[in-house]
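Colleague: Next up is a structure, given as structure tokens.
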Amino acid sequence: MILRDFTLYCQPKFYHFLKNFKPMSVGHYENFPVASLLLPARLRYPVSVIYRFARTADDFADEGDLPATERLALLDDYRQELGRLEAGAAAQQPLFVELGQIAHRYRLPLQLFHDLLDAFAQDVVKSRYADFPELIDYCRRSANPVGRLLLHLFDAVSDVNLKHSDAICSSLQLINFWQDVETDWRKDRVYLPQDELRRFCVTERQIANRDVSAQWQALMRFQVERARELINSGAPLGRALPGRIGLEIRTIVQGGLRILEKIDKAEGDVYHHRLVLRTYDWPLLLLRALTN
């Protein structure tokens, strides 16, 4: 379920995150346009290749009616293709021919692609998370690798930039989860940590019943505030990166913050409100990106 958040800045659950635009006619709503016009032209092709890898692999885990064994087998085919690239052998699928070319040109760590596949496979077999550290470890593999890959494309890898990128990507993944509680429930997935459900006296039956009781509202306020703190902690990346790349990152951060504002305004009712970015939000996001 990776591409829930992917502006293609961060996530493959960055992949669905705001779900508003249909980039490149892929047929999936996404947070931001992939290979956005804000990106330098030279980077749009490699970004699109990374996106196609993440999108198709995420679909193996999430889309259609295939049994788990077949989903895992499709993901394993991708692992084998990565193994061929690592061994210097010829790829068998056209996507991996392209991936091998950009990985060589930009020195992209192939382990980051393996991390994404691990997260997608986890979605096939795991549907509950005991606590926040367990959930954030999932984000580390489902979202953070894409941000790190982009830093390699930008030639902007540093310890500080990686830390800020991870914070942005993980927060966007979390925001996606809080947008999509009901959608995930229909797939028998609950990303709200089990210990936090107990702490706020919320049961899964309440999720099934679309219950927006005071306990639910308190739980969602807690999740929103933690995600807001996390994304703000990574926001300096948008000023550290130059020109249009930095503006792209600042716009992404503002998009995440805007969704959190909408969840707050709805008092955590993500069941009866479609909390996505609308056309009228974009001028506000750009203004905030330019002034923050």
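The values are calculated or read from the model by the stated rules, or taken from the named source; none is laboratory data. Fair warning: this is a prediction, and the values are worked out from it, not measured in the lab. Cβ sites come from the backbone with ideal geometry, for glycine too, and all protein chains shown count toward neighbours. Just so you know, the surface numbers come from the protein's heavy atoms only, side chains and all, with ligands and any DNA or RNA stripped out. Shrake-Rupley method; radii C 1.70, N 1.55, O 1.52, S 1.80 Å.
Colleague: Please go through segment 56-72 and give me each residue that is surrounded by 12 or more Cβ atoms within 10 Å (Cβ to Cβ), under 23 Å from the mean Cα position of the chain (by Cα) and in a helix (DSSP H, G or I), ordered by number.
Modeller: Listed by number, the residues that qualify are Thr56, Ala57, Asp58, Asp59, Phe60, Ala61, Asp62, Arg71, Leu72.
Colleague: Scan segment 116-154 residue by residue and report those that are farther than 30 Å from Arg198 by Cβ, open to solvent by 10 Å² or more (accessible area, probe 1.4 Å) and either charged (D, E, K, R) or touching a Lys or Arg at 6+ places or on another chain (Cβ under 9 Å) (or both). I'd like the intermediate steps shown before the answer.
Modeller: First, pick out the residues of segment 116-154 that are farther than 30 Å from Arg198 by Cβ: 116-117, 145-154.
Right, trim to open to solvent by 10 Å² or more (accessible area, probe 1.4 Å) and you get 148, 152, 154.
Scanning segment 116-154 gives Arg148, His152.
Colleague: Also, I was wondering about something else. For residues that are touching a residue at least 60 places away in the same chain (Cβ under 8 Å), among the aliphatic types (A, V, I, L, M) and in a helix (DSSP H, G or I), scanning just segment 247-271, find the one that is nearest to Leu162 (Cα to Cα).
Modeller: The first filter runs over segment 247-271 and keeps only residues touching a residue at least 60 places away in the same chain (Cβ under 8 Å), leaving 247-249, 251-253, 255-256, 259-260, 263, 270-271.
From what's left, among the aliphatic types (A, V, I, L, M): 247, 249, 252-253, 259-260, 263, 270.
From the residues that got through so far, the ones that are in a helix (DSSP H, G or I) too are 247, 249, 252-253, 259-260, 263.
Numbers: Leu247: 17, Ile249: 13, Ile252: 16, Val253: 15, Ile259: 24, Leu260: 23, Ile263: 28 Å.
Looking at the filtered set, the residue picked out is Ile249.
Colleague: Taking the residues in segment 200-218 that are in a loop (DSSP other than H, G, I, E, B) and either at pLDDT below 95 or of a type outside the set (Phe, Trp, Tyr) (or both) as candidates, determine which candidate is surrounded by the most Cβ atoms within 10 Å (Cβ to Cβ). Let's see the steps before the verdict.
Modeller: Initially, segment 200-218 is screened for residues in a loop (DSSP other than H, G, I, E, B), giving 200-203, 209-213.
Adding the requirement that they be either at pLDDT below 95 or of a type outside the set (Phe, Trp, Tyr) (or both) leaves 201-203, 209-213.
Working: Cys201: 13, Val202: 20, Thr203: 12, Asn209: 11, Arg210: 14, Asp211: 14, Val212: 17, Ser213: 14.
Filtering first and then ranking leaves Val202.
Colleague: Would you check if Arg221 is of a type in the set (Lys, Arg), within 16 Å of Asn161 (Cβ to Cβ) and open to solvent by 50 Å² or more (accessible area, probe 1.4 Å)? Even if it seems obvious, please write down each step before you answer.
Modeller: On the way: of a type in the set (Lys, Arg): yes; within 16 Å of Asn161 (Cβ to Cβ): no; open to solvent by 50 Å² or more (accessible area, probe 1.4 Å): yes.
No; evaluated as a whole, the condition is false for this residue.
Colleague: Still on this structure, I have one more. Looking at segment 256-264, is at least one residue more than 19 Å from Asp131 (Cα to Cα), at pLDDT 95 or above, acidic (Asp, Glu) and open to solvent by 10 Å² or more (accessible area, probe 1.4 Å)?
Modeller: There is at least one residue in segment 256-264 that is more than 19 Å from Asp131 (Cα to Cα), at pLDDT 95 or above, acidic (Asp, Glu) and open to solvent by 10 Å² or more (accessible area, probe 1.4 Å).
Colleague: Now, a different point. Name every residue in segment 92-110 that is assigned to a loop (DSSP other than H, G, I, E, B), open to solvent by 30 Å² or more (accessible area, probe 1.4 Å) and closer than 16 Å to Leu43 by Cβ, in order of residue number.
Modeller: Within segment 92-110, just Arg107 meets the criteria.
Colleague: Right, next: Any idea how many residues of segment 236-246 are hydrophobic (A, V, I, L, M, F, W, C) and open to solvent by 30 Å² or more (accessible area, probe 1.4 Å)?
Modeller: First pass over segment 236-246, keeping only residues hydrophobic (A, V, I, L, M, F, W, C): 237, 240-241, 245.
Cutting the leftovers down to open to solvent by 30 Å² or more (accessible area, probe 1.4 Å) gives us 240.
Summing the residues that are hydrophobic (A, V, I, L, M, F, W, C) and open to solvent by 30 Å² or more (accessible area, probe 1.4 Å) in segment 236-246 gives 1.
Colleague: Quick check, is Glu225 in contact with a helix residue (DSSP H, G or I) (Cβ under 8 Å, 6 or more places away or on another chain), of a type in the set (D, E, K, R) and without any contact (Cβ under 8 Å) to a residue 24 or more places away in the chain?
Modeller: On the way: in contact with a helix residue (DSSP H, G or I) (Cβ under 8 Å, 6 or more places away or on another chain): no; of a type in the set (D, E, K, R): yes; without any contact (Cβ under 8 Å) to a residue 24 or more places away in the chain: yes.
No, not satisfied.
Colleague: So, one more: In segment 78-91, what count of residues is obtained for those that are in contact with a helix residue (DSSP H, G or I) (Cβ under 8 Å, 6 or more places away or on another chain) and surrounded by 12 or more Cβ atoms within 10 Å (Cβ to Cβ)?
Modeller: Adding up the residues that qualify gives 7.
Colleague: Looking at Gln80, Gln93, which one is free of Cβ contacts under 8 Å to residues at least 12 places away in the same chain and over 17 Å from Gln173 (Cα atoms)?
Modeller: Working: Gln93 fails: free of Cβ contacts under 8 Å to residues at least 12 places away in the same chain.
Going through Gln80, Gln93 in turn, the sole match is Gln80.
Colleague: Please determine, by comparing only the residues of segment 164-219 that are charged (D, E, K, R) and in contact with a His (Cβ under 9 Å, 6 or more places away or on another chain), which one is farthest from Leu151 (Cα to Cα). If you could, list the steps in order and put the result at the bottom.
Modeller: Initial filter on segment 164-219 (charged (D, E, K, R)): 166, 180, 182, 184, 186-189, 195-196, 198-199, 204-205, 210-211.
If we keep only those that are in contact with a His (Cβ under 9 Å, 6 or more places away or on another chain) too, we end up with 180, 210.
On the way: Asp180: 28, Arg210: 39 Å.
Across segment 164-219, the extreme among qualifying residues is Arg210.
Colleague: Just checking, which of Arg274, Arg244, Arg226, Arg278 is at pLDDT below 95, closer than 28 Å to Leu162 by Cβ and basic (Lys, Arg)? It would help to see each step written out before you state the result.
Modeller: Values: Arg274 fails: closer than 28 Å to Leu162 by Cβ; Arg226 fails: at pLDDT below 95; Arg278 fails: closer than 28 Å to Leu162 by Cβ.
The match here is Arg244.
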